[in-house]
Amino acid sequence: MQRVRWLGERIDLLLAQLIGDRAKVGVAVLDVDSGRLLYGRGDNTLYNIASNVKLFTSASALALLGPEYRFKTALYGERERDR
């Protein structure tokens, strides 16, 4: 039980340091042999999967902007004077 508590505290610490309150995160850590939940955070929450969201975003852009639309991208930087 102590190892499970340590695992949960470590995951909480890492999530706080890496993500904080900037995003919603779901984590489920299961014991491979028993399937028992060892750690859960937002594990019962439904999330939009990022790949699916990208599909809907792309479809919306195609519908609104059309297939011929092109985004213009510029790259800026400084050159060395001797080049």
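The values are calculated or read from the model by the stated rules, or taken from the named source; none is laboratory data. Please read all numbers here as calculations on a predicted model, not as lab measurements. Note that each Cβ is placed from the backbone with ideal geometry, even for glycine, and that neighbours are counted across all protein chains shown. Remember, those area values only see protein heavy atoms, side chains included, never the ligands or the DNA or RNA. Shrake-Rupley method; radii C 1.70, N 1.55, O 1.52, S 1.80 Å.
Are any residues in the stretch 31-59 open to solvent by less than 60 Å² (accessible area, probe 1.4 Å) and hydroxyl-bearing (Ser, Thr, Tyr), and if so, which ones?
Tyr39
Please enumerate the residues belonging to the stretch 39-83 that are under 30 Å from Leu13 (Cβ atoms), polar (S, T, N, Q) and modelled with pLDDT of 90 or more.
none
Could you count how many residues in the stretch 11-30 are surrounded by 10 or more Cβ atoms within 10 Å (Cβ to Cβ) and not in a strand (DSSP E or B)?
To start, the set of residues in the stretch 11-30 that are surrounded by 10 or more Cβ atoms within 10 Å (Cβ to Cβ) comprises 11-16, 18-19, 24-30.
Retained after the next criterion (residues that are not in a strand (DSSP E or B)): 11-16, 18-19, 24-26.
Counting residues in the stretch 11-30 that are surrounded by 10 or more Cβ atoms within 10 Å (Cβ to Cβ) and not in a strand (DSSP E or B) gives 11.
A quick yes/no check of all residues on (1) free of Cβ contacts under 8 Å to residues at least 12 places away in the same chain; (2) over 22 Å from Arg3 (Cα atoms); (3) more than 14 Å from the chain's Cα centre (by Cα):
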site: Asp21; (1), (2), (3): yes, yes, no
site: Ala28; (1), (2), (3): no, no, yes
site: Asp31; (1), (2), (3): yes, no, yes
site: Asn52; (1), (2), (3): yes, yes, no
site: Pro67; (1), (2), (3): yes, yes, yes
